[in-house]
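Read through the structure below, which is laid out as structure tokens, and then see the notes.
The values are calculated or read from the model by the stated rules, or taken from the named source; none is laboratory data. Treat the numbers as computed from the prediction; the structure is a model and nothing was measured. Neighbour counts run over all protein chains shown; Cβ positions are idealised from the backbone, glycine included. The area values use the complete protein model at the heavy-atom level, side chains included, leaving out ligands, DNA and RNA. Shrake-Rupley method; radii C 1.70, N 1.55, O 1.52, S 1.80 Å.
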Amino acid sequence: MILNDVAPVWIRICLILVLVSGGFLLSSRSLKNLVRTYQFQSFLLVLIALGLVVLEEHTILLLVAALTVVSKVWGIPACIRLIQERIHIQQDLKFSYLRPPGALMLSILIILLVYITFAQILEKLYAASSLFFLGSVIGVSLVLMGLLAVCIRRMAISKVIGYLSMENGVLAFGLFVTELPFFIEFVIVIDLIILVLLTSIMTVGIDSSIEEYKSRLEEFHLLSEEGGIA
Amino acid sequence: MIAVLYPVVAMVILLLQLLLRTHRSLSLLGVIHPVISLIITLYFIVSPGIWDDSPFFLIDHMSLFVMLTTSIIFAAAALYAVGYIDGLVRSGDLEKRSLRIFYFGFSFLLAATTMAIFTPNIALFWICAELTTVLSAVLIAILALRATIDASLKYIFICSTSMLFSFIGIIFLFEAVRNKTGVGSLLWTEIVDEAAGLDSGMVFIAFVFFFIGFAAKSGIVPFHTWLPLAHAKAPSAVSAVLSGAILNIGMYGILRMTGIMKETGVFGQVSVLLIVFAMITISVACLSMLRQKKLKTLIAFSSIENMGFILLGIGIGSPVALFWALFHMLSHSCIKAGLFFSAGILHRQYKVPTRTGEDEIGDLLLLQPFAAVTVMAGCAALIGMPLFPLFLSKVGILLAAAAISVWIPAIVLLLFACAGVALLRFYLPVMAVRFPAGEGPVPYTAPLSMKVPIVLLLLLSIMIGTVMIPGEEAFLAAAVADLGFGVQL
């Protein structure tokens, strides 16, 4: 019974923290921190799934939580770290269109816009305090913040993290439609395929000569401004 | 359950491609797969009695029509690839170790496309559509050049990020059905059945999100930026498949979703949304074509223009407009694939564009008379000359558009004129270029396997442009009816 009372609060806190982590992904310049934040964001989704298990007793969500731990909290971050080690990149200092402060301001506007739009459209069906409403607003906001990260980041590897954050937004939303667990599971698989593909494309130059590899890194904006590998 | 042959054949072919080693056997398997798919599809089309209510396949006129287009294009591309890929390997442009990846990716792409078309489940459709993005990206990057990898990355980022929005749309649609019936559904047919009473606000959000992803997949502006790069940089056999088959998958999703919207109270808004995006797409594509100096990029922008035109037909939403939109889809696929094949021959002849970014083509009729004539025929077909099928569909859709506003056909005709000028402005001067004596390249002899599919596609285009094949009209009308748009023509 106590767990049933605590779970909604627990879920709400986690959802807010998910948004905060989305903001951090927009502003962080250290690639290590980017990966850690993504890992933390994914872990928050695990906590939300567990909260929903308590609240709605859909045990299939346990499987989703387990898959998320294996793939997003552990697998994908490990894979990205491996790539980082191979290409010796520590920081992402280049941005297109918007600098982090501007991106953060824009993301606040996005959240407000999504809230107002969804409140108007969904008001007949859901109370503003319902978990589905909150999940949809925060999920879609996170997707848009991830998209912002994909647009403003210039390094391919940071764009990948932006994409994965978008996917976390979809997962955050999908968790509240509890009849769809297999759906979410498939997304994770597709996600992994895309990541493996991107990884292999980015590391394609490793077999080439050093000059050719450098030029390929330049192409993907993986070189620092000074010309050396950052 | 004959439909089960599609995945079974695909699995056998993929397995054999993993086991067999020689180039000849890999390319032969690459041809066999789409040809068998084409035969199965034709068998289905002529035997409506065997379409059963299998829970695993959605066999109706609409899905069979898209599958027919897909298998024709894949079969032609596989045949073309026999000589084309061999040429790339011989010239060192494609590494031998990449051969298996190419053919495996090609067959897997056909399998994923087939499953996307026939799956009755909207979520599985999304997954298969995503798979086609990943596999297409592999094929685009197969030459492992800087430009192809860049194009491939751009394609993945734009399409995959957009497709995530479609996913949100699907969740909203599921939730809308659950709100009405108490049990959510992801089946196309069940959602159509329940569509009439769904909450209008929720289904409109669902449509908008869904549209973003599949508009990106089919190159609709402003989600089109990946397309000119990807189609231009990919090997020509792949460009043909991307333009003639994969873009249609995006349109197929939009068509099915619009069919659901037809039953809801928001069809008016959806129609306006589609028409606005269609007009923007046609405008941007036609005006961009005027600036292009490379043949493949020019053809790629023409694909965007034609996708915009199909979207216009869908947006108008009358049975006649839908009929011609489907007709346009088939015609465009055949013509565009043929044009990319011809462009591939020219690319093999002239290889690298100049530093200014222009194609350095000269002595065209002397060096490549076959490609010169087929490119000319393809350009005439794209402009919408009579005898070619795009003439009929353009007239059909524009007449249907006039019923909404005469300004729509007026503006579109003006834009089509721009596209025509762009094609002529590129091609006519190229025909006149002569290399100084002794400085021209050595003539490239295109193998027969590269020429046959071009001729076949051109003949098919002329045939569907001049005669109504028995049963064709009824079949297309039934496909329109499958979408929920009635049968009266």
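Here are some notes:
- Filter pass, B:I39 being of a type outside the set (F, W, Y) and either within 30 Å of B:G486 (Cβ to Cβ) or touching a helix residue (DSSP H, G or I) at 6+ places or on another chain (Cβ under 8 Å) (or both): no
- Check on B:A10, part of a helix (DSSP H, G or I), modelled with pLDDT under 95 and surrounded by 18 or more Cβ atoms within 10 Å (Cβ to Cβ): no
- Of all residue pairs spaced 6 or more apart or on separate chains, those with beta-carbon atoms under 7 Å, a first member in the stretch B:460-480 that is over 16 Å from B:W324 (Cβ atoms) and a second member that is buried (at least 18 other Cβ atoms within 10 Å of the Cβ) are B:L460/B:C334; B:I462/B:F388.
- Complete set of residues in the stretch B:13-34 that are under 20 Å from B:Y84 (Cβ atoms), in a helix (DSSP H, G or I) and open to solvent by 60 Å² or more (accessible area, probe 1.4 Å): B:R24, B:L28, B:I32
- Among the residues listed as B:L139, B:L64, the single one being closer than 23 Å to B:P447 by Cβ and open to solvent by less than 10 Å² (accessible area, probe 1.4 Å): B:L139
- Some residue of the stretch A:22-34 being within 17 Å of A:I157 (Cβ to Cβ), open to solvent by 60 Å² or more (accessible area, probe 1.4 Å) and of a type in the set (D, E, K, R): yes
Listed here are the residues, each with its yes/no results for (1) of a type in the set (V, I, T); (2) surrounded by fewer than 24 Cβ atoms within 10 Å (Cβ to Cβ).
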| site | (1), (2) |
| --- | --- |
| B:S236 | no, no |
| B:A240 | no, no |
| B:N248 | no, no |
| B:L255 | no, no |
| B:T264 | yes, yes |
| B:L273 | no, yes |
| B:M279 | no, yes |
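- Listed by position, the helices (runs of 4 or more DSSP H) contained in the stretch B:136-234 that have at least 2 residues being more than 10 Å from chain A (Cβ to nearest Cβ) and at pLDDT below 90 are B:146-181.
- Pair list, Cβ < 8 Å and 6+ apart or interchain, from the stretch B:408-424 residues that are free of Cβ contacts under 8 Å to residues at least 40 places away in the same chain and within 25 Å of B:V375 (Cβ to Cβ) to residues that are of a type outside the set (D, E, K, R) and part of a helix (DSSP H, G or I): B:L413/B:L398; B:G420/B:I383
- Output for the stretch A:158-179, where each listed residue is part of a loop (DSSP other than H, G, I, E, B) and either modelled with pLDDT of 80 or more or surrounded by 24 or more Cβ atoms within 10 Å (Cβ to Cβ) (or both): A:L175, A:F176
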